1. For residues that are open to solvent by less than 80 Å² (accessible area, probe 1.4 Å) and under 29 Å from the mean Cα position of the chain (by Cα), scanning just the stretch 91-112, find the one that is modelled with the lowest pLDDT.
2. Taking the stated definitions as given, is S60 of a type in the set (G, A, S) and open to solvent by 60 Å² or more (accessible area, probe 1.4 Å)?
3. Just to be sure, is L12 touching a helix residue (DSSP H, G or I) at 6+ places or on another chain (Cβ under 7 Å) and either open to solvent by less than 70 Å² (accessible area, probe 1.4 Å) or modelled with pLDDT under 75 (or both)?
Amino acid sequence: MASRLLRVSAALRLLPAASARAPPARRLAVPGGLASDEEQATGLERKVLEAMNKGLDPYSILRPKRYAGTKEDPNLVPSINNKRIVGCVCEEDNSCVVWFWLHQGEAQRCPSCGAHYKLIPHELPH
């Protein structure tokens with residue numbers, strides 16, 4: 001089997017048409033190059049990319065800023081309503097979440113650990 005493969009490959013190398021022929025050129029893009037994400041984005045994706053380029057976070061995609069969780073510097077929780085349910089993992093290695101309702105107005109404390117949270121109004125971008 002191996003000898004047959006070697007004979008065929010040697011015969012193909014000796015053929016004039018095989019050596020004169022250049023490998024086909026593959027064109028992956030137009031002459032200007034590949035389009036970037038910004039150039040080919042449409043609809044909602046385009047709006048998000050444009051907002052991100054301006055430094056905005058319209059759909060809360062990025063991780064929120066960390067706060068101290070004190071009464072003077074509470075964790076800010078955006079909401080489109082006047083109340084929202086919040087989950088607090090009180091200790092770093094805790095396996096359960098303490099859920100409680102957060103209402104608009106003054107900062108409220110987590111019933112378990114005492115971290116402060118404050119509800120702030122949030123407008124949807126669309």
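1. Among those that are open to solvent by less than 80 Å² (accessible area, probe 1.4 Å) and under 29 Å from the mean Cα position of the chain (by Cα), it is N94.
2. Here the answer is yes, as S60 does meet what is asked.
3. Judged against the criteria, L12 is a match.
The values are calculated or read from the model by the stated rules, or taken from the named source; none is laboratory data. These figures come from a predicted structure and were not determined experimentally. With ideal geometry, Cβ positions are generated from the backbone for all residues, glycine too; neighbour counts draw on all protein chains shown. In case anyone asks, the SASA skips ligands and DNA or RNA and just uses the protein heavy atoms, side chains included. Shrake-Rupley method; radii C 1.70, N 1.55, O 1.52, S 1.80 Å.
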